[in-house]
1. Taking into account only those residues within the stretch 144-164 that are farther than 20 Å from K183 by Cβ and charged (D, E, K, R), which is surrounded by the most Cβ atoms within 10 Å (Cβ to Cβ)?
2. Here are some residues: G108, G123. Which one is assigned to a loop (DSSP other than H, G, I, E, B), closer than 16 Å to G168 by Cβ and not hydrophobic (A, V, I, L, M, F, W, C)?
3. If you check E115 against the conditions, is it touching a helix residue (DSSP H, G or I) at 6+ places or on another chain (Cβ under 6 Å), within 22 Å of I69 (Cα to Cα) and in a helix (DSSP H, G or I)?
4. Kindly check whether there is at least one residue in the stretch 106-126 that is under 11 Å from the mean Cα position of the chain (by Cα), within 14 Å of K183 (Cα to Cα), in the same structural domain as I173 (by TED's automatic domain parsing) and crowded, with 20+ Cβ neighbours inside 10 Å.
5. Among the residues of the stretch 190-200, is there at least one that is more than 22 Å from R65 (Cβ to Cβ), surrounded by fewer than 18 Cβ atoms within 10 Å (Cβ to Cβ) and charged (D, E, K, R)?
6. Can you name the residue in the stretch 128-143 that is free of Cβ contacts under 8 Å to residues at least 40 places away in the same chain and over 19 Å from the mean Cα position of the chain (by Cα) and, of all such residues, is surrounded by the most Cβ atoms within 10 Å (Cβ to Cβ)?
Amino acid sequence: MARYTGPLCRLCRREGEKLFLKGTRCYTEKCGIERRKYAPGQHGQKRGKLSDYGIQLREKQKARRIYGIMENQFRIYFKKASKMKGITGETLLQLLERRLDNVVYRMGFAANRREARQIVNHGHFIVNGRKANIPSILLRPGDVVEVAEVSKNKQTISDSLSIAEHRGLPDWIEVDIQGLKGKFIRIPSREDIQLPVQEQLIVELYSK
């Protein structure tokens with residue numbers, strides 16, 4: 001599957017705000033957007049005012065980059081959300097939050113979503129007693145996620161838990177740090193999803 005492999009700080013600079021794509025680095029003075037508060041590229045400091053379409057596009061790109069997924073997959077999530085009951089934009093964010101790699105990140109087992117996707121791919125996690133190595137698995141309330149027995153001494157996971165205090169743990173999951181496992185309690189509401197995203201603009205973009 002295609003994935004972005006370029007510099008992550010460039011993405012934050014393009015959107016003009018921190019997307020917290022690099023874990024602890026985003027909380028330090030080394031953060032790219034702290035050092036250069038303008039868009040990347042030769043003409044980054046001369047960009048003009050965005051059109052309505054441009055504003056909607058940037059909002060969609062921001063959401064894609066936060067969750068680390070490509071355009072086709074993002075469009076599939078939107079189509080699925082549009083067929084479900086409820087507000088389409090809110091349902092879209094809820095689907096993205098239910099992804100296994102996102103939940104692993106939210107539980108503090110990874111420093112960022114990219115790292116979470118990698119360690120899930122490598123088979124370091126178990127969901128409801130069964131090995132899970134597909135980052136896009138959608139969890140349901142009651143699902144239990146735990147670090148595989150052979151991976152409990154993995155340095156990456158222990159380091160991530162030690163720095164998870166920077167972002168805190170959402171109240172829609174429970175985490176047993178000692179047992180290296182967590183439980184997906186409920187689907188988060190829009191108020192629970194603390195992201196700088198205006199999902200209605202994404203809906204307007206795809207509804208054209």
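1. K154
2. Being assigned to a loop (DSSP other than H, G, I, E, B), closer than 16 Å to G168 by Cβ and not hydrophobic (A, V, I, L, M, F, W, C) holds for just one of G108, G123, which is G108.
3. It is false that E115 is touching a helix residue (DSSP H, G or I) at 6+ places or on another chain (Cβ under 6 Å), within 22 Å of I69 (Cα to Cα) and in a helix (DSSP H, G or I).
4. Checked the stretch 106-126: at least one residue is under 11 Å from the mean Cα position of the chain (by Cα), within 14 Å of K183 (Cα to Cα), in the same structural domain as I173 (by TED's automatic domain parsing) and crowded, with 20+ Cβ neighbours inside 10 Å.
5. The answer is yes; a qualifying residue exists.
6. Here the residue is N128.
Matching residues to (1) at pLDDT 95 or above; (2) more than 26 Å from Q61 (Cα to Cα); (3) within 15 Å of the chain's Cα centre (by Cα):
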{"residue": "H166", "(1), (2), (3)": "no, no, no"}
{"residue": "D171", "(1), (2), (3)": "no, yes, no"}
{"residue": "L180", "(1), (2), (3)": "no, yes, no"}
{"residue": "F184", "(1), (2), (3)": "yes, yes, no"}
{"residue": "P188", "(1), (2), (3)": "yes, no, yes"}
{"residue": "D192", "(1), (2), (3)": "no, no, yes"}
{"residue": "L195", "(1), (2), (3)": "no, no, yes"}
{"residue": "V203", "(1), (2), (3)": "yes, no, no"}
{"residue": "K208", "(1), (2), (3)": "no, no, no"}
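For (1) within 21 Å of E191 (Cα to Cα); (2) in a helix (DSSP H, G or I); (3) in contact with a helix residue (DSSP H, G or I) (Cβ under 9 Å, 6 or more places away or on another chain), each residue gets a yes or a no:
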residue	(1), (2), (3)
A63	yes, yes, yes
I66	yes, yes, yes
F74	no, yes, yes
F78	yes, yes, yes
K85	yes, no, yes
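The values are calculated or read from the model by the stated rules, or taken from the named source; none is laboratory data. Please read these numbers as outputs of a predicted model, since none were measured by experiment. Here the Cβ is made from the backbone with ideal geometry for all residues, glycine too, and neighbour counts use every protein chain on show.
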